[in-house]
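Down below is the structure, laid out as C-alpha cells.
Where a number appears in this text, it was derived from the coordinates with a stated rule and is not lab data. Everything numeric here is computed off the predicted structure, so don't read it as measured data. Virtual Cβ from ideal backbone geometry, glycine too; neighbours counted across all protein chains shown.
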Amino acid sequence: MKKGQSSIEFMVLLGFAILVVSVLLVLLNADAERRIRAQDELVVQELFDLVDGEIRLATISLANYSREFFIPPTLEGRSYEINISDNRDVVIVYKERQYVNFLNQTIYGDINIGLNTITRVCYSTNICQIEITSS
C-alpha cells in the first residue's frame, strides 16, 4: 500500500467520523430543545389551569360571588406576561413564545401578575357575567 493511499483513506475515515459525530450532536440538541419546550408548556399549562379553575368556580357560584387570587410574578424564575384578549382568551407570553387558552365564556376586565379579584355579577336571575380586576 502506498503512503498517499493511506493518507486518503485516513482522511475519508476522519471525514466520516466527523459527519457521524455532527449528526449525533444535532440529534441530541433537538431532543434537548424538545424537552425544554415540553417543560415550558407544562409550566404555562399549570398557570392556565389556575386561571381556568378560578373562572369555573366563579361561574358555578351564587350571585355576587367574589374571590381574590394570586398570579405569580415569575414562572420558574423568568418573567412573563399574561392578559385576557378579546374577552375570550387567556394569553401568556413566556420565553418569547405566545401561548393561548380559549375560554368557553366571555370574561370582562383583565388579569395581571399579582393580586386579582374575580367577581360574578348578576343583573337578573339569568343574566350574569364574570369580571376580573387587578388590585
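Conditions tested, residue by residue: (1) under 30 Å from Glu76 (Cβ atoms); (2) under 41 Å from the mean Cα position of the chain (by Cα); (3) surrounded by 10 or more Cβ atoms within 10 Å (Cβ to Cβ).
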residue: Ser7; (1), (2), (3): no, no, yes
residue: Phe10; (1), (2), (3): no, no, yes
residue: Phe16; (1), (2), (3): no, yes, yes
residue: Leu24; (1), (2), (3): yes, yes, yes
residue: Leu27; (1), (2), (3): yes, yes, yes
residue: Asp31; (1), (2), (3): yes, yes, yes
residue: Arg34; (1), (2), (3): yes, yes, yes
residue: Glu41; (1), (2), (3): yes, yes, yes
residue: Val44; (1), (2), (3): yes, yes, yes
_Check on Ile92, farther than 28 Å from Thr125 by Cβ and out of contact with any strand residue (DSSP E or B) (no Cβ under 7 Å at 6 or more places or on another chain)_ = no
*Could you identify the single residue in Ile118, Ile84, Ile92 that is more than 15 Å from the chain's Cα centre (by Cα), in a strand (DSSP E or B) and not basic (Lys, Arg)?*
Ile118
*Within the range 53-62, is even one residue in contact with a strand residue (DSSP E or B) (Cβ under 7 Å, 6 or more places away or on another chain), part of a strand (DSSP E or B) and over 16 Å from Ser135 (Cα atoms)?*
no
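Here's the yes/no breakdown for (1) among the small types (Gly, Ala, Ser); (2) touching a helix residue (DSSP H, G or I) at 6+ places or on another chain (Cβ under 7 Å):
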site: Ser66; (1), (2): yes, no
site: Leu75; (1), (2): no, yes
site: Asp89; (1), (2): no, no
site: Glu96; (1), (2): no, no
site: Gly109; (1), (2): yes, no
site: Gly114; (1), (2): yes, no
*Failed criterion for Tyr99 (all others in (1) in contact (Cβ under 8 Å) with a residue 60 or more places away in the chain; (2) closer than 23 Å to Val43 by Cβ; (3) not basic (Lys, Arg) hold)*: (1)
_For the range 87-135, which positions are closer than 30 Å to Ala38 by Cβ and of a type in the set (Asp, Glu)?_
Asp89, Glu96, Asp110
*Search result, residues across the range 58-74 that are surrounded by 15 or more Cβ atoms within 10 Å (Cβ to Cβ) and within 22 Å of the chain's Cα centre (by Cα)*: Phe69, Ile71
